[in-house]
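Structure record follows, encoded as C-alpha cells.
The values are calculated or read from the model by the stated rules, or taken from the named source; none is laboratory data. Worth saying up front: this structure is predicted, and the values here are computed from it rather than measured. FYI the Cβ positions are ideal-geometry reconstructions off the backbone, even for glycines, and counts take in every protein chain you see.
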Amino acid sequence: MVFSSHIFVYYFLPLALLGYYALGRAPQRWRNGWLILTGYTFYGWAEPRFMPLMFATTFVDWLVSLIIAHDTWLFWRVLRQPVTQLPHRGPRTRTQRRAILISVLLNLATLGFFKYFNFGTESYNSLVQALGLQHAQFDTFFRVVLPLGISFYTFQALSYTIDVYRGEAEAMSNFIDFSCFVSMFPHLVAGPILKFSFLAEQLKYRRLTSDKFARGVAFFMLGLAKKILLANPCGKIADVAFNAGSVGTLDAWFGSIGYAFQIYFDFSGYSDMAIGLGLMFGFVFAKNFDSPYRSESITDFWRRWHISLSTWLREYLYVPLGGNRRGTRRTYFNLVLTMLLGGLWHGASWNFVIWGGLHGGMLAFERSQGREGFYHNLPRPLRIAFTFLIVLLGWVFFRAADLPRALAYFASMFGLGHALPGAALLGGILYKPYYLLSIATAALVVWAGKQTWDWTQRMTLPKTALCFALGWLALVVLATQEYNPFIYFIF
C-alpha cells in the first residue's frame with residue numbers, strides 16, 4: 001500500500017483517523033496502540049509474512065535498551081523496574097557493551113541478509129567465473145525477497161539503542177510506546193528516518209490541534225500533487241529513455257532530466273505526505289528536503305537532500321569513524337567510505353556503490369578546496385548549474401538497470417554511442433506537449449517555487465483553496481493513471 005493509492009486515500013486513512021480521534025481523551029498509550037495496529041496493517045497489506053520479522057527486531061531492540069539502562073541480564077529486573085532517568089555518559093560496563101553489540105549485529109545481519117544475499121552471491125559467482133573457476137560457484141535454489149521498508153525501520157531502531165547506549169536518550173519501559181515509534185505508518189516504509197530522541201517526548205505527550213491538522217492536510221495534498229502531477233509523468237519520460245535499446249544524445253539528456261525530476265518529486269512528495277500524516281496524528285516530524293537542486297555544491301546538496309538519511313550517516317557512521325578529528329587524509333577517507341556505504345544502503349548493486357563513491361569523492365574534493373578554491377569562486381548560478389550537472393550524472397547510475405547499461409547510456413549522452421535508426425521514433429513519445437509541460441512545470445517548481453515546509457507555516461484562505469484544488473486534481477488524475485510507482489520502496 002502506498003499513500004498515493006485509492007485504497008489508502010479513500011479507505012485506510014479515513015478509518016485510521018476515525019479510530020484515532022474516537023479515542024478522545026483516552027490515555028496516550030491507547031492512541032499509540034491504535035497506531036501500532038494501523039501500522040502493522042499498513043505494513044502487512046502486501047506482504048504479511050514479514051510482520052513477525054519487524055516485531056521480532058522491535059522486541060529485541062527494546063529489550064536490549066532496557067538491559068543497557070539497568071546494566072543487567074536479569075530479565076525480571078529489566079522488565080519490572082521502570083527507567084526513570086537517562087543512563088550516565090561515563091565508561092560502559094561489559095554487559096552494556098555486549099548488549100549494544102547484540103543490537104547492532106542483529107539489525108545489520110538482518111538487513112544484510114535480506115538486502116545483500118542475492119547481490120553477494122551474484123557478485124561472487126561472476127568473479128569466480130571470470131577467473132575460470134566455475135566449479136567454485138555458489139549454487140542456490142532460492143532467492144531472498146526484500147522486506148518492505150527494512151532499510152528505514154532498521155536504521156530507526158538502531159538510532160534508538162545507540163542513543164540509549166550513549167546516554168542521549170531514555171530507554172522506554174513501555175513496549176507499546178517504542179513499538180509505536182518503529183511501526184507508525186506515516187514514516188514506516190520510506191522515512192523520514194527519525195531519531196528516537198526527536199520523537200521520544202511526543203510519544204508520551206502530544207497535542208492534537210486544528211492548526212496541526214489543517215497544516216497536515218495541506219502537506220498531504222501538496223505531496224500528493226507532487227507525486228501524481230509531476231513525478232509520474234517525469235517518470236514516464238525516464239522509463240522511455242532508459243528502457244530504450246538505443247537512444248540519441250538529446251533524448252538521453254532529456255530522459256536523465258526526467259529521472260532527476262521524478263526521483264525528487266517522488267520522494268519529496270512522499271516525505272511531504274508523511275509529514276502531513278504525522279501532523280494529523282499530532283506528531284511533528286523533521287524536514288526531509290530543502291530545495292536540493294538549488295544547492296551550490298555537493299556538500300550543500302547533502303544538507304538539503306534526504307536530510308534525515310544524511311543526518312543519520314553523519315551521526316552514526318561518519319562521526320564514529322573519526323569524522324574530521326584524525327587528520328586530513330582520514331577525513332577524506334571517512335567521507336568517501338560513508339558515502340560508499342550510503343550508496344550501498346540504497347540498493348544491492350554496483351551502480352549504487354559507484355553513485356556513493358562519486359558523491360563521496362566530490363565531498364572530499366570540495367573539502368580539500370576550502371572556501372578559496374576555484375569551485376567556490378564561481379558565480380552562484382554557475383555553482384548551482386555545475387552541482388546539478390554532477391547530481392544528474394550520478395542519477396544515471398541510480399536509474400540504469402546495471403553497470404553496462406549505465407555506461408551505454410553515458411555514451412549516448414556524450415555522443416559516443418551509435419543510435420540505431422529506430423531511435424528517432426522516441427521523440428514522438430518524449431516530446432509530447434503533456435510531457436514537455438510536465439518538465440517545464442517541474443523545473444519552475446524546483447528553481448522558483450517555495451518549499452512546502454515554509455509555504456505551509458501560515459495557512460490563509462487562498463493557500464487553502466489552492467491546496468484543495470491541487471489535491472482534487474491529483475485525485476482525478478490518479479483515477480486515470482495506470483503508472484504510479486514509488487521509487488524508494490525498492491530501497
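One residue stands out in region 313-369 among those that are in a helix (DSSP H, G or I), small (Gly, Ala, Ser) and in contact (Cβ under 8 Å) with a residue 24 or more places away in the chain: the one that is surrounded by the fewest Cβ atoms within 10 Å (Cβ to Cβ), namely SER368.
Applying the selection to region 425-450, what residues are of a type in the set (A, V, I, L, M) and surrounded by 13 or more Cβ atoms within 10 Å (Cβ to Cβ)? LEU426, ILE429, LEU430, LEU436, ILE439, ALA442, ALA443, VAL445, VAL446, listed by residue number.
Among residues of region 174-186 that are surrounded by fewer than 19 Cβ atoms within 10 Å (Cβ to Cβ), none has a beta-carbon under 6 Å from a residue that is basic (Lys, Arg) and not in a helix (DSSP H, G or I) at least six positions away or on a different chain. Scanning region 426-448 for residues that are touching a residue at least 24 places away in the same chain (Cβ under 8 Å) and within 30 Å of PHE213 (Cβ to Cβ) yields THR441, ALA442, VAL445, VAL446. Within region 1-34, restricting attention to residues that are among the hydroxyl-bearing types (Ser, Thr, Tyr) and assigned to a helix (DSSP H, G or I), the residue that is surrounded by the most Cβ atoms within 10 Å (Cβ to Cβ) is TYR20. The residues of region 16-30 that are charged (D, E, K, R) and without any contact (Cβ under 8 Å) to a residue 40 or more places away in the chain amount to a single one, ARG25. In this structure, ALA479 does not qualify as outside any loop (DSSP other than H, G, I, E, B), modelled with pLDDT of 90 or more and under 30 Å from the mean Cα position of the chain (by Cα).
This table checks each residue for (1) surrounded by fewer than 19 Cβ atoms within 10 Å (Cβ to Cβ); (2) under 23 Å from the mean Cα position of the chain (by Cα); (3) free of Cβ contacts under 8 Å to residues at least 60 places away in the same chain; (4) assigned to a helix (DSSP H, G or I).
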| site | (1), (2), (3), (4) |
| --- | --- |
| ILE36 | no, yes, no, yes |
| TYR40 | yes, yes, no, yes |
| THR57 | no, yes, no, yes |
| VAL60 | yes, no, yes, yes |
| VAL64 | no, no, no, yes |
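When each of LEU426, LEU430, LEU363 is tested for being assigned by TED's automatic domain parsing to the domain that holds PHE267, at pLDDT 85 or above and more than 30 Å from THR338 (Cβ to Cβ), the lone residue that passes is LEU430. Considering region 201-257, the residues that are among the acidic types (Asp, Glu) and more than 30 Å from MET459 (Cα to Cα) include one that is nearest to the chain's Cα centre (by Cα), namely ASP239. Pairs are defined by a Cβ separation below 7 Å, a sequence spacing of at least 6 or placement on different chains, a first member in region 87-104 that is at pLDDT below 85, and a second member that is in a loop (DSSP other than H, G, I, E, B) and small (Gly, Ala, Ser); the pairs so defined are PRO87/GLY167; HIS88/GLY167; ARG89/GLY167.
Specify which of the listed residues (LYS226, LYS236) is among the basic types (Lys, Arg), within 28 Å of GLY417 (Cβ to Cβ) and outside the structural domain of THR72 (by TED's automatic domain parsing). Going through LYS226, LYS236 in turn, the sole match is LYS236. Only one of the listed residues (SER268, SER246) is under 15 Å from ALA443 (Cα atoms) and either of a type outside the set (Lys, Arg) or not assigned by TED's automatic domain parsing to the domain that holds MET459 (or both). That residue is SER268.
The numbered conditions (1) within 16 Å of ILE487 (Cα to Cα); (2) free of Cβ contacts under 8 Å to residues at least 24 places away in the same chain are all true for VAL396 except (2).
Take ILE162 and decide whether it is under 27 Å from THR72 (Cβ atoms) and not in a loop (DSSP other than H, G, I, E, B). Yes. Of all residues in region 300-332, which are of a type in the set (S, T, N, Q) and under 18 Å from the mean Cα position of the chain (by Cα)? Once the filter is applied, which keeps residues that are of a type in the set (S, T, N, Q) and under 18 Å from the mean Cα position of the chain (by Cα), region 300-332 yields SER308, SER310, THR311. Just one of the numbered conditions (1) exposed (fewer than 14 other Cβ atoms within 10 Å of the Cβ); (2) of a type in the set (Gly, Ala, Ser); (3) outside any loop (DSSP other than H, G, I, E, B) is not true of ALA408: (1).
Looking at this structure, is ASP239 of a type in the set (Asp, Glu) and surrounded by fewer than 24 Cβ atoms within 10 Å (Cβ to Cβ)? Yes: the conditions hold for ASP239.
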